[in-house]
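The values are calculated or read from the model by the stated rules, or taken from the named source; none is laboratory data. As the structure is a prediction and not an experimental result, all values here were calculated from the model. Here the Cβ positions follow ideal geometry from the backbone for every residue, glycine too, while neighbour counts run over all protein chains shown. When the accessible area is computed, the model is the full protein with side chains, heavy atoms only, and any ligands, DNA or RNA have been set aside. Shrake-Rupley method; radii C 1.70, N 1.55, O 1.52, S 1.80 Å.
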Amino acid sequence: MSETLPSDVHLVNLKGKWTEESAYQNVCSWLQLTKTQKFRIDLITAQNDVMAIGAKKAVKESADEMDRDDLAGIPVTGCGGVLGTGQAWVRAGHMVATVVLPPNAVTAITLMTRSLQRKIPPEEHVFTSAEPFPSIESMKRL
């Protein structure tokens, strides 16, 4: 991914354990390391929606502690897009967007069944389609 980014875009990757608490702790730790530096964050994005919420919580709390009002308003995006969490958090304004991932169980069962019936292995790679929430068109208005 780094090869496709413009030279003035810098990424900071933090590892987590796929939980809100893990993201919260990791972001708090990273912000403590950079506490004395003036840096700019334009977007926080996480591999799942609960991690995005944990990261946002850490940034908001650290913004107060570091007296950096600019940190509190950073947009946050997640991934998963489950109706009751990710999409609900976007609607409530806790995140600006999420990526809705289709459930893969039906695809996996279909592939397995077809493979067993035809006695041939399934394809090595199968792709599903993710969708942004909200739509790209509505985000362009922001």
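Evaluation of ALA88 against the conditions (1) surrounded by 12 or more Cβ atoms within 10 Å (Cβ to Cβ); (2) at pLDDT below 95 shows that the sole unmet condition is (2). Per the listing ASN26, ASN13, ASN48, the residue uniquely exposed (fewer than 11 other Cβ atoms within 10 Å of the Cβ), closer than 25 Å to GLN87 by Cα and modelled with pLDDT of 90 or more is ASN13.
Condition check ((1) surrounded by 10 or more Cβ atoms within 10 Å (Cβ to Cβ); (2) farther than 20 Å from LEU11 by Cα; (3) in contact with a strand residue (DSSP E or B) (Cβ under 8 Å, 6 or more places away or on another chain)) across all residues:
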residue	(1), (2), (3)
ASP67	no, yes, no
MET95	yes, no, yes
ALA108	yes, yes, no
ARG118	no, yes, no
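Hey, does the range 73-84 have a residue that's open to solvent by 90 Å² or more (accessible area, probe 1.4 Å), assigned to a helix (DSSP H, G or I) and of a type in the set (A, V, I, L, M, F, W, C)? For the range 73-84, residues open to solvent by 90 Å² or more (accessible area, probe 1.4 Å), assigned to a helix (DSSP H, G or I) and of a type in the set (A, V, I, L, M, F, W, C): present.
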